[in-house]
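Pasting a structure below so you can have a look.
The values are calculated or read from the model by the stated rules, or taken from the named source; none is laboratory data. Predicted model, so just to flag it, every value in this text is computed and none were measured. No Cβ is skipped: glycine too gets one built from the backbone with ideal geometry, and neighbour counts run over all protein chains shown. Only protein heavy atoms, including side chains, enter the accessible area calculation; ligands, DNA and RNA are left aside. Shrake-Rupley method; radii C 1.70, N 1.55, O 1.52, S 1.80 Å.
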Amino acid sequence: MNSESVVHAPRIVALGGGHGLYATLSAVRRLSDDVTAVVTVADDGGSSGRLRAELGMIPPGDLRMALAALAGKDPRSGLWAEVVQHRFGGNGALAGHSVGNLLLAGLTEVLGDPVLALDELGRVLDVAGRVLPMSPVALDIEADVSGLEEDPRVSRVIRGQVAVATTPGKVRRVRLRPADPPATDSSVRAIERAELVVLGPGSWFSSVLPHVLVPDLFAALATTAARKVLVLNLGPEPGETAGFSAERHLHVLSQHAPGFRVHHVVVDSASVPPGSERDHLARAAALFGADVVYADVASDTLRTHDPAKLADVVASLVGGTHSSDRKDTSSWP
């Protein structure tokens, strides 16, 4: 099914951060102009980390990338999208900062509200939809990591998104600090009114799991009438999920969010070959009450999700053409 055949443009919420969320937004914007991005706010590295430390603001980098993904397609909007993504070189104080991060920092100080700042920059970019932080306060990720001590049974607590994402140890569990943080009110409302919610792909512990660790977001995800789709990564990431199977990704999510339910788990066909591994994955998906949809969703040139392919699969699920006994959609027209 081609995404263009979807008559009704659904209200869509996509949750995540970084390049994973960028790919999801690039896909779902093909299906609707009513798209809300709910973005993690725990980054503590690079330009975002510097602005967060110096100005006490929520980290803007993932929010900036989401705005760029939803920017209008006319030449003016395209130029502005390129500008906000531009990163300064050199060795001075601006080195490494992106223009969009600085614009969001300035708008936040002038307007006094990061959501107003995002809406204003969104108007400049002619954004199709809206970009929101998942929490109005900057968060920290704290993880229990094993394999860093001589005794492999001993865990060490590591704090910070960059430290968690790059640890040579094995991440066992993550928490947010402050504990039980508030959710952005507009993010909760967007999930409550959504017809489709997409979670993932992305850095599993630092971009995907944080959304189910914010109590009000989790409650909204649990009660929304939306069809919920979980998109698995194409493979394990060096650092936080090294050596993880697709099944392990689901078990980790279930451990952090007991009782969480989704309708479909989308998996790239090539990442999980037919055989026993698919049987294991089906049992793991059953923990969420979900069926597994296998499809070719990978880019032909990069190990990233292809927006057009992902859009076609999601469109089929929204359009109701998916059957619970159809397990491989890689040959869909």
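Could you grab me the full set of residues in segment 169-200 that are open to solvent by less than 50 Å² (accessible area, probe 1.4 Å), of a type outside the set (Gly, Ala, Ser) and more than 28 Å from ILE12 (Cα to Cα)?
Passing the criteria: only VAL171.
With the requirement that a residue be without any contact (Cβ under 8 Å) to a residue 40 or more places away in the chain and either open to solvent by less than 10 Å² (accessible area, probe 1.4 Å) or part of a helix (DSSP H, G or I) (or both), what does segment 123-142 give you?
Within segment 123-142, just ARG123 meets the criteria.
Scan ALA190, ALA183 and give me the residue that is assigned to a helix (DSSP H, G or I), modelled with pLDDT of 95 or more and under 16 Å from LEU217 (Cβ atoms).
Result: ALA190 is the single residue among ALA190, ALA183 that is assigned to a helix (DSSP H, G or I), modelled with pLDDT of 95 or more and under 16 Å from LEU217 (Cβ atoms).
Within segment 47-65, take every residue that is farther than 14 Å from LEU103 by Cβ and of a type in the set (Gly, Ala, Ser) and give me the one that is nearest to the chain's Cα centre (by Cα).
Among those that are farther than 14 Å from LEU103 by Cβ and of a type in the set (Gly, Ala, Ser), it is GLY49.
To continue, here is another question. Restricting attention to segment 84-122, and to residues there that are part of a helix (DSSP H, G or I) and among the charged types (D, E, K, R), which single residue is surrounded by the fewest Cβ atoms within 10 Å (Cβ to Cβ)?
If we take residues in segment 84-122 being part of a helix (DSSP H, G or I) and among the charged types (D, E, K, R), then GLU109 is surrounded by the fewest Cβ atoms within 10 Å (Cβ to Cβ).
Out of the residues in segment 23-50 meeting the condition of being part of a loop (DSSP other than H, G, I, E, B) and among the hydrophobic types (A, V, I, L, M, F, W, C), tell me which one is farthest from VAL197 (Cα to Cα).
Of everything passing the filter in segment 23-50, ALA42 is farthest from VAL197 (Cα to Cα).
Which pairs have Cβ atoms under 7 Å, sit 6 or more apart or on different chains, and link a residue in segment 294-305 that is over 14 Å from VAL265 (Cα atoms) and free of Cβ contacts under 8 Å to residues at least 12 places away in the same chain to one that is part of a loop (DSSP other than H, G, I, E, B) and open to solvent by 20 Å² or more (accessible area, probe 1.4 Å)?
If the second residue must be part of a loop (DSSP other than H, G, I, E, B) and open to solvent by 20 Å² or more (accessible area, probe 1.4 Å), the pairs left are SER299/ASP306.
Only one of (1) in a helix (DSSP H, G or I); (2) open to solvent by less than 10 Å² (accessible area, probe 1.4 Å) fails for ASP279. Which number is that?
(2)
Next question. Do we have any residue at all in segment 260-271 that's outside any helix (DSSP H, G or I), surrounded by fewer than 18 Cβ atoms within 10 Å (Cβ to Cβ) and touching a residue at least 12 places away in the same chain (Cβ under 8 Å)?
yes
Still on this model: Just one of (1) of a type in the set (Phe, Trp, Tyr); (2) outside any strand (DSSP E or B); (3) more than 19 Å from SER203 (Cα to Cα) trips up TYR294, so point out which.
(2)
ALA81 - would you say it is open to solvent by less than 30 Å² (accessible area, probe 1.4 Å), assigned to a helix (DSSP H, G or I) and closer than 17 Å to LEU103 by Cβ?
yes
OK, next. (1) free of Cβ contacts under 8 Å to residues at least 60 places away in the same chain; (2) farther than 15 Å from LEU199 by Cβ; (3) open to solvent by less than 20 Å² (accessible area, probe 1.4 Å); (4) in a helix (DSSP H, G or I): which one isn't true of ALA53, the others all being true?
Status for ALA53: all satisfied but (3).
Go through (1) on the phi < 0 side of the Ramachandran plot; (2) without any contact (Cβ under 8 Å) to a residue 40 or more places away in the chain for PRO210 and report which single condition fails.
Status for PRO210: all satisfied but (2).
Scan segment 143-168 for residues that are open to solvent by 10 Å² or more (accessible area, probe 1.4 Å) and either among the aromatic types (Phe, Trp, Tyr) or assigned to a loop (DSSP other than H, G, I, E, B) (or both) and jot them down.
The answer is GLY147, LEU148, GLU149, GLU150, ASP151, PRO152, ARG153, VAL154, PRO168.
Filter segment 37-46 for residues that are surrounded by fewer than 24 Cβ atoms within 10 Å (Cβ to Cβ) and either more than 19 Å from ARG177 (Cβ to Cβ) or among the aliphatic types (A, V, I, L, M) (or both) and give the result.
GLY46, the sole residue that qualifies.
Of ARG123, ARG87, ARG52, which residue is in contact with a Gly (Cβ under 7 Å, 6 or more places away or on another chain) and charged (D, E, K, R)?
ARG87
Find the residue count for segment 201-251, including only residues that are open to solvent by 20 Å² or more (accessible area, probe 1.4 Å), of a type in the set (A, V, I, L, M, F, W, C), out of contact with any strand residue (DSSP E or B) (no Cβ under 7 Å at 6 or more places or on another chain) and modelled with pLDDT of 95 or more.
4
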